[in-house]
1. Tell me which residues, restricted to the range 144-164, are part of a loop (DSSP other than H, G, I, E, B) and open to solvent by 40 Å² or more (accessible area, probe 1.4 Å).
2. Residues that are of a type in the set (S, T, N, Q) and modelled with pLDDT under 90: list the helices (runs of 4 or more DSSP H) wholly contained in the range 389-505 that include at least 2 such residues.
3. Please find, among G184, G227, G167, the residue that is part of a loop (DSSP other than H, G, I, E, B) and either closer than 20 Å to D142 by Cα or not aromatic (F, W, Y) (or both).
4. Please work out which one of (1) in a strand (DSSP E or B); (2) surrounded by 18 or more Cβ atoms within 10 Å (Cβ to Cβ) is the condition T514 fails and give its number.
5. Given the range 72-132, what strands (runs of 3 or more DSSP E) lie entirely inside it while holding 2 or more residues that are at pLDDT below 90 and either β-branched (V, I, T) or surrounded by fewer than 23 Cβ atoms within 10 Å (Cβ to Cβ) (or both)?
6. Looking at (1) part of a loop (DSSP other than H, G, I, E, B); (2) modelled with pLDDT of 75 or more, can you tell me which one C332 breaks?
7. Out of all the residues in the range 743-750, is one or more surrounded by 14 or more Cβ atoms within 10 Å (Cβ to Cβ), polar (S, T, N, Q) and in a helix (DSSP H, G or I)?
8. Condition test on L461, is it touching a Pro at 6+ places or on another chain (Cβ under 6 Å), crowded, with 21+ Cβ neighbours inside 10 Å and touching a residue at least 24 places away in the same chain (Cβ under 8 Å)?
Amino acid sequence: MQTFFRDIRYATRNLRRSPAFTATVVMTLALGVGATAAIFSCVYALLLQSLPFGDADRIIALSEIHPQITGGIEATYPDYEDWKAQQHSFTQIAAYSTLNPETVSLVTDGHGIQVHRVLASGNLFSLLGLTPMIGRVIGEQDDKPESDHVALLSASAWDRYFGRDPGVVGRSVNLNGAAFTIIGVLPVGGAYPSEGEVWLPLSLLDQETRASRVWHSVRVLGRLRPGVGLPEARADLQTVSARLAAAYPATNRNVGVLLKPLREELVGTLRPAMLSLLGAVLLVLLIACANVANLLMVRATAQRREIAVRQALGASRTQFFSQFLAQAVVLCLLGGALGIILAAGVLPLLRVALAHTASLDPSMIQSIGLNVPVLLFALFTCLVTAIVFSILPLMSSSPHLTETMRAGERGSTGGRSRKRGALVAGEIAIAVVVLFLSTLVMRSFQKLLAVDPGFRTDHLLSAEITLPEPKYSDVSPVTNHFYEQILENIGRSPGVSSAATTTIVPLKPSEVMTRFLVEGAPPTAPGTFPAAQIRYVSPDFFHTFGLALQSGRIFEQKDIDNGTKSFVVNAAFTRRYLAGRNPLGANIFLGVLSPHPERIPVIGVVSDAHDLGVEREAQPEIYLPGFGLHAVLLVRTFVDPASVESIVKNAVHTLDPDQPIYHVQTVDALMSNSMARQKMTATLLGIFSLVALALAAIGIYGVLSYSVAQRSREIGVRMAVGATRAHILRLVLSQAAQFTGLGLAVGVGTALVSARIITGLLFDTHTGDPLSACIAIGSLTLAAATAAIIPAIRAASVNPNEALRAE
């Protein structure tokens, strides 16, 4: 060990004498290690780190699958009860609801604050394995109508609204005009779902919703029994679903159950993107390591005479390995330390980017950081790299003094050049893979940006409002008057063009749907009714939102005042359900599962809007006139929409001083957030591809520069016997073309195969996209040509007399 520390000191002195070499190696390693550590930190936090729940790997999220809806949705309360009673795979099944409504008004210090409310079954927190910070959690005894006016706070709500007062337990608070007793505070990071601020018993869910197999109102979690795996649980729940489909064909035919581990539920659609980024950054790390290996081999070759002399004097290969290892350890630790610093600087930016990703649970972002596993990963990477780099110089050095000292040896590159050329060819192949995959994703994102959402996102402000019961009620004159007054006051304000309400935030991936029947259409079997998105809107919604009237008329104020129901549908609805007939005057039946369906005429057709996300086709939609307890205010402006936020707040406050608004944001920001995952993936892959391209170019330049320096005598001889500068240029460029061509050939084949892995990240882009392949090949060819031309010109400028005299 003492010898090794001596070698460390010797290596440090030597590296100080070669500052350019040392800086190049350290910066190359820092780029590779830093990028890898930053992405691995995200991957570890999102996909590997333990969740803050007891035995979280056994917790499964259950949701319903409907043939007309993408992905899983909330279950109906009766289905949840049947799952719980008939399954055999879970020790517990619990439910929670964030609907009806999502928020409630908490009155503190004389003014109302809108807080996120969750209704939780009495066993939810025991299923999650959570212990409260103070007080207790909601239990089975609370989930009963006679004792359900209790509230549980999140740690953030306790801090934000009650100043971390330990005496909050037992205190009475006003929620939507009703008194609730606070019973406890959840631990930091223990809130589930994470956006929740106050939890109330699920028994507060209204009786009509609890009895309905039409209204999907609850999310469900289950804890697997010991020895039961996910496949067995899926089979068990499918059996239960089939039983329910037979018993209730009108509502449950073709309805299945989707089971996902809790982590997958929290991460959403981000897993493929994170794994793709990790794969890309590991490839960049490989390119960086190949570059460093080349540099170390060049340095060892330059020292081969010294090594041969020392071997002749009795030095062993073990001693040389120790010295090379010491040099590699110093370089790798310096590069690793600088890489960790770079990663620490990049992580806040990654957290900001991930915070706008709608599919990711906010609780997952808080855990992203440089923790012990990430630092161990970086240390392991550096040590393995150091060991490999210590072996390579030994392989490239000659053990024979007589061979090394021969004069001709100085001009011979032979096997060493082939090794270095092979490394560079490998760099180019890896760079082609990174460039091709990155270009695919960037072209996919470019196509996504080019999609017309069907409505104007500019100069449009969105805000949500939820009116508390029993002060207000659905479809009542009081509620209608409240919204009509707000819209009138906002519409008259300076800088405002128009104002309207709807029920769903634009671009939110929501599935608020209704079953219906078209009058005159062929009869359908129970459970096979068509379904469409449904929205309640104010009369000025279509103008404010920017939807063009294609035929008929849109709603007027008299439609709300008179209470007469009528439909406006979008073009997608007419194409799918009213094809071949005049949509105006067509009658649609709602409430088809009730004894007396309601017959409503279509009075107008408007253009399509991609309001569930621009990456999805426009869905059939039905619009009804009216207002509800929850509404989304949309304000079209002539000025910066963010500047009218105070106008909206004042308009609401004037009518009801205790009524807050929340989620105030521009629709341009909503549009940007809806594509945040794709933007982040494309941006990071673009950065990685540029780094890969630069490293590959540096590798080509390094190999050719060294080759020219070593072959100066050969070049001088060639020029002395008549070779022109053009011949020398071709000689050097042909050497570059050999390993560049090999790298491109291997890289393109590997890239085409690898592209299948990222199919889920692409929008309207084929994995064999020829333009992406041309961009990748063209970029690498241009980089290779640029890197090769300088050594080639230097070779062509060799003076034969000076080269031969030097030899």
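1. Within the range 144-164, the first condition is being part of a loop (DSSP other than H, G, I, E, B), and the residues that meet it are 144, 148-149, 154, 163-164.
If the condition is that a residue be part of a loop (DSSP other than H, G, I, E, B) and open to solvent by 40 Å² or more (accessible area, probe 1.4 Å), then K144, H149, G163, R164 are the ones that fit.
2. On the way: elements: 401-405, 414-449, 477-491.
Answer list for the range 389-505: 401-405, 477-491.
3. Checking each option against the conditions leaves just G227.
4. (2)
5. Numbers: elements: 90-97, 103-108, 111-120.
Once the strands (runs of 3 or more DSSP E) in the range 72-132 are filtered for at least 2 residues that are at pLDDT below 90 and either β-branched (V, I, T) or surrounded by fewer than 23 Cβ atoms within 10 Å (Cβ to Cβ) (or both), what remains is 103-108, 111-120.
6. Evaluating C332 over (1) part of a loop (DSSP other than H, G, I, E, B); (2) modelled with pLDDT of 75 or more leaves (1) as the failure.
7. First, pick out the residues of the range 743-750 that are surrounded by 14 or more Cβ atoms within 10 Å (Cβ to Cβ): 743-748, 750.
From what's left, polar (S, T, N, Q): 750.
Those still in the list that are in a helix (DSSP H, G or I) too: 750.
Yes, there is a match, as at least one residue in the range 743-750 is surrounded by 14 or more Cβ atoms within 10 Å (Cβ to Cβ), polar (S, T, N, Q) and in a helix (DSSP H, G or I).
8. Values: touching a Pro at 6+ places or on another chain (Cβ under 6 Å): yes; crowded, with 21+ Cβ neighbours inside 10 Å: yes; touching a residue at least 24 places away in the same chain (Cβ under 8 Å): yes.
Yes, satisfied.
The values are calculated or read from the model by the stated rules, or taken from the named source; none is laboratory data. If you're wondering where the values come from, they're calculated on a predicted model, not measured in any experiment. Note that we place each Cβ from the backbone using ideal geometry, even for glycine, and neighbour counts take in every protein chain shown. Heavy atoms of the whole protein, side chains included, go into the accessibility calculation; ligands, DNA and RNA do not. Shrake-Rupley method; radii C 1.70, N 1.55, O 1.52, S 1.80 Å.
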